[in-house]
Amino acid sequence: MTCLTCGRVKNGYDPYLSVCLPITKEEKLEFNYVAEHSHTKVQENDEEEPDYELNAMTVVDVTMTKSMKIGHVKDAVLASLTPKGVTKDSLVVCNQKYGKITDMFADSTSCNDID
């Protein structure tokens, strides 16, 4: 910087111009809500087993943070859907592969541990 009065040149350093702040990336995960009655009976014959049709699953997008736990995910799902008669304790968060449950997560589990 140069002084307009005396012409003196000085190197100025402002520490706030070089502060490093973390840039967080917002990440969303999809959670499928499967109701207790996931199938509807469509046909019933006396000779055969009844036929069932799969009800559509509801997908809920939850914005994740580093400190988020499974309990927070349950709160977000309940706030988004407001299903009748469903409580936080009755919800289960799990991974599934090829239609089989592979992992179940406790409310205290960090969301960073979900694959």
Among the residues of the stretch 80-91, write down those that are of a type outside the set (S, T, N, Q) and either touching a helix residue (DSSP H, G or I) at 6+ places or on another chain (Cβ under 6 Å) or farther than 16 Å from Glu30 by Cβ (or both). Pro83, Lys84, Gly85, Val86, Lys88, Asp89, Leu91
Residue check: is Val60 modelled with pLDDT of 85 or more and either of a type in the set (Ser, Thr, Tyr) or over 17 Å from Lys28 (Cα atoms) (or both)? no
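Residue-wise test of (1) surrounded by 10 or more Cβ atoms within 10 Å (Cβ to Cβ); (2) in contact with a strand residue (DSSP E or B) (Cβ under 9 Å, 6 or more places away or on another chain); (3) in contact (Cβ under 8 Å) with a residue 60 or more places away in the chain.
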position: Asp75; (1), (2), (3): yes, no, no
position: Leu78; (1), (2), (3): yes, no, no
position: Thr82; (1), (2), (3): no, no, no
position: Val92; (1), (2), (3): yes, yes, no
position: Tyr98; (1), (2), (3): no, no, no
position: Asp103; (1), (2), (3): yes, yes, no
position: Cys111; (1), (2), (3): yes, yes, yes
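The values are calculated or read from the model by the stated rules, or taken from the named source; none is laboratory data. Nothing here was measured: the structure is a model prediction, and the numbers come from that model. FYI the Cβ positions are ideal-geometry reconstructions off the backbone, even for glycines, and counts take in every protein chain you see.
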